[in-house]
Amino acid sequence: MKKKINAFLSEIRPELDFSESSNFIEEGMLDSFDIVQLVVSLDEEFGISIDGLDILPENFSSVESISQLLIKNGVLK
Amino acid sequence: MNLKFHNKKITGILTVLPENEVNFDDEIDNYNFSKGQTMKLKLIMGYNKRRVIKKGTTVSDLCIFGMNYLFEKNLLKKDDIDALILVTTSPDHFMPPTSHIIQGKLDLKQDIVCMDINQGCSGYVIGLNQAFFLLEQDEINKVVLLNADIMSTKVSKNDRNNRPQIGDGAAITIIEKDSADNTIYGCVKTDGKGADVLIIPAGGFKLPSTPETAELKEDSAGNVRSLDHLIMKGDDVFNFVQREVPKMINDLLDKANCSKEEIDYFMFHQPNKFMLKKLADKIGVPYEKMPNNVVENFGNANSVTIPTVITYNLGKKLLKDSFLICMAGYGVGLSWASMLLSLEKLTFCEIINYK
């Protein structure tokens, strides 16, 4: 799952190194439109629909928080 | 606020769109973002073409053009109109009310109720509610609801958040008394604490437009706009819609004792495809029952999108068939409103171009 998340992040912002970041949002690496792109990619890849109420910056601040969001939406580790 | 109406019906819907069409691809260079990223957004959000007015065209021009079309085609008679409601956030002037200007230019009778309502994206449902209230009067038998906006003039050309989705247009809906007792269920909600989420800060009496308010500034996301422009906190709007609208729809259907499966179409306000798909998922309805093709073809013209999603997707079908429709609008105010009603064999249901 984390491999896929990293792949999508690199696809959306290829110029950035996400492994160096402790918080994607606070460090300005992802904006709201990046998050929308990521949600669409994750929905398609895992066959889910991430709840609109969960599309909040804090749920996209790290690979770990994104993983937790996917688990909440029924994706197995 | 739950509302219920009896013995009322919609008998015709007309959308009036400016002929001038702008393509998203032609404006990409105006935005402070990579071309690749912006093109991905085009697909996800449904940004494509939008209709905008030519400089100088007003809300009253669009409405008068549509009304004259109906008169010329004998689809509406001047003397039958007992009330004229205009829902707009872009009136011709602060005063007088634009509905009065329209009444005068069309030479409608003086024995008529005219009013402007300042509402945006929930304005179609709110306008219908007002029409139904008026039809409770003995002497009011036919109401014309005008929805019109020209907000493209208030969006910065360097604002990727707003510019690609905003279109202009008008819609005319005829509402009448009905001998059949079909119950119409409605719901209206308001949260003025979110008034700054969608706002044009300058240009009113609180902050008149000046050279200072026209000064362009870049926000943290790279959008460039001034205080004279439309400002939308997109994240807040998205979360408000996802939080409140599904709840409102479920409550509305509970009150009406109606299942989602019984509804033919969910005709919702059209800000972008992504938001509509997430709403459909959350409410639990298939995408084909919630059309999301207005923003990509015409743009989002505030309260005009619900009548347009009906005229564009159902059109002539509504001249002979009947459909159970659930409508919902949501946006500036904050305001959100919904309605469950049957649309049956309309006299007209079409889109025309303003010339």
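The values are calculated or read from the model by the stated rules, or taken from the named source; none is laboratory data. Since the model is a prediction, treat every value here as computed from it, not as a measurement. Here the Cβ is made from the backbone with ideal geometry for all residues, glycine too, and neighbour counts use every protein chain on show. To get the accessible areas, we keep the full protein, side chains included, count just its heavy atoms, and leave off ligands, DNA and RNA. Shrake-Rupley method; radii C 1.70, N 1.55, O 1.52, S 1.80 Å.
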Revision key, fill the gap. Taking the stretch A:1-28 and keeping only residues that are more than 18 Å from B:Gln37 (Cβ to Cβ) and open to solvent by less than 80 Å² (accessible area, probe 1.4 Å), one is left with A:Met1, A:Ile5, A:Asn6, A:Ser21, A:Asn23
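Residue-wise test of (1) closer than 20 Å to B:Lys189 by Cα; (2) away from chain A (no Cβ under 14 Å).
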residue	(1), (2)
B:Ser226	no, yes
B:His229	no, yes
B:Met232	yes, no
B:Asn239	yes, no
B:Lys289	no, yes
B:Asn293	no, yes
B:Asn297	no, yes
B:Thr305	yes, yes
B:Ile310	no, yes
Point to revise | When residues of the stretch A:33-67 are limited to those that are open to solvent by less than 40 Å² (accessible area, probe 1.4 Å) and small (Gly, Ala, Ser), the one nearest to the other protein chains (Cβ to nearest Cβ) | key: A:Gly52
Point to revise | Count of residues meeting criterion [away from chain A (no Cβ under 12 Å) and at pLDDT below 90] in the stretch B:27-75 | key: 5
Study note, to complete from the structure: Among the residues of the stretch B:1-57, the number that are open to solvent by 60 Å² or more (accessible area, probe 1.4 Å), in a loop (DSSP other than H, G, I, E, B) and within 30 Å of B:Val188 (Cβ to Cβ) is 2
Check your understanding: Which one of B:Ser209, B:Ser179 is touching a residue at least 60 places away in the same chain (Cβ under 8 Å), more than 19 Å from the chain's Cα centre (by Cα) and not in a strand (DSSP E or B)?
Key -> B:Ser179
**Study point:** Cβ pairs under 7 Å, 6+ apart, first in the stretch A:1-23 and over 16 Å from A:Val40 (Cα atoms), second outside any helix (DSSP H, G or I)
**Key:** A:Leu16/A:Met29; A:Phe18/A:Phe24; A:Phe18/A:Met29; A:Ser21/A:Glu27; A:Ser21/A:Met29; A:Asn23/A:Ser61; A:Asn23/A:Ser62
Review point. Across the stretch B:272-287, which residue is nearest to the other protein chains (Cβ to nearest Cβ) among those that are open to solvent by less than 30 Å² (accessible area, probe 1.4 Å) and in a helix (DSSP H, G or I)?
Key: B:Lys278
**Study point:** Only one of B:Val245, B:Val188 that is within 14 Å of chain A (Cβ to nearest Cβ), within 19 Å of the chain's Cα centre (by Cα) and surrounded by 16 or more Cβ atoms within 10 Å (Cβ to Cβ)
**Key:** B:Val245
Point to revise | Residue tally, condition buried (at least 18 other Cβ atoms within 10 Å of the Cβ) and among the acidic types (Asp, Glu), over the stretch B:323-349 | key: 0
